[in-house]
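Please treat every number below as a calculation from the coordinates, not as lab data. For clarity, every value in this text was computed on a predicted model and none was experimentally measured. Every residue, glycine as well, gets a Cβ built from its backbone with ideal geometry; the counts of neighbours run over all protein chains shown.
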Amino acid sequence: MAKLSLKIITPSRNMFDGEADMVVMRTISGDVGILHGHQPMVTILDYGILSIKIDGEEKKAAVLGGFAEINSEGMSILTDAAEWDAEIDVVRAKQAKERAEARLKNAQSNIDLKRAELALKRALVRLDLGEK
Ligand code: ATP
């Protein structure tokens, strides 16, 4: 089966540039699996775990939002923050979770509440992957 070319770009690095058999990403409308030849599209990513299947192996990364574009060249993910499973600092994510939970309790405004909810969600995705 033909492979799909995938690039993952963050502000600090080209995190991945290679070929994959299948990519499963968490979009704002749910998980979407992408194979070679998928129709062109642009989609907004939710915070979630990205799965890349290559030759029977699976690579996993936490991807904290961003965009995915699929065109005839392949697929590109552009995101502010992403980490491979082994890169996740579990202690940091636990601290972020605790901070966010404390802020949720003490939120003074809807903006505070929303920011804390988003921070909590990022921490939970990181812990979900990092603690495996
Ligand atoms: P924190 O409050 O711990 O900074 P955050 O959710 O605010 O967490 P982000 O803004 O999503 O952090 O990410 C900032 C940068 O730090 C990104 O480069 C991201 O990859 C990295 N990063 C954040 N948390 C972790 C973590 N637990 N392990 C590894 N890298 C992390």
Worksheet entry | Once exposed loop GluC sites (Glu not before Pro) are cut out (DSSP; at most 13 other Cβ, 10 Å), longest piece of the chain | 1-72
Worksheet, complete the sentence: Distance in nm between GLU58 and ILE111 label points, each 7 Å along Cα→Cβ, equals 4.1
Fill in: DSSP bridge pairs, the chain: antiparallel proportion in percent, nearest 5
90
Worksheet item: What full-extension length gain, to one decimal in nm, is calculated for ASP17 and LYS132 as 0.36 nm per residue of separation minus the Cα-Cα distance?
Response: 38.9 nm
Worksheet entry | Neighbourhood charge, 11 Å Cβ-Cβ cut-off, centred on LYS3 and excluding it, Lys, Arg +1 and Asp, Glu -1 | -2
Worksheet item: For q = 0.15, 0.20, 0.21, 0.27 Å⁻¹, what log10 I(q)/I(0) does segment 4-85 give under the Debye formula with an equal point scatterer on each alpha carbon and no solvent?
Response: -0.44, -0.82, -0.91, -1.60
Worksheet, complete the sentence: Spelling it out for MET15: with amide H atoms placed in the peptide plane at 1.01 Å from N, the residues 5 or more places away or on another chain with amide H under 5 Å from its amide H are ILE8, ILE9, THR10
Worksheet entry | Per-residue HN-Hα couplings for segment 51-62 [Karplus 6.51, -1.76, 1.60; θ = phi - 60°; Hz; x = Gly/Pro] | 10, 10, 9, 9, 6, x, 9, 10, 9, 10, 9, 7
Discussion item. Using the Karplus curve 6.51 cos²θ - 1.76 cosθ + 1.60 with θ = phi - 60°, what ³J(HN,Hα) values do you get for each residue of segment 17-26, in whole Hz, with x for Gly and Pro?
Written reply: 8, x, 10, 9, 7, 7, 10, 10, 10, 9
Worksheet entry | Computed magnitude of the charge dipole of the chain (debye, nearest 20; Cβ of K, R +1, Cβ of D, E -1) | 600
Worksheet entry | Helix-only [θ]222 nm of the chain, DSSP H runs n ≥ 4, -39500 (n - 2.57) each, per residue, nearest 500 | -10000 deg cm²/dmol
Discussion item. Starting from 0.36 nm per residue, how many nanometres of slack lie between ILE9 and LEU104 once their C-alpha separation is accounted for?
Written reply: 31.1 nm
Worksheet item: Computed FRET efficiency, Cβ-Cβ of LYS94 and ALA2, R0 41 Å: what is it to the nearest 0.05?
Response: 0.50
Practice prompt. Quick one: check the C-alpha center-to-center distance for segment 1-33 versus segment 35-68, whole angstrom.
Written response: 4
Worksheet item: When only Cα pairs under 8 Å and 6 or more residues apart are kept, what is the percent relative contact order across the chain?
Response: 21
Worksheet item: What length, rounded to one decimal in nm, is gained on full extension from HIS36 through to LEU78, with 0.36 nm per residue of separation minus their alpha-carbon distance?
Response: 13.2 nm
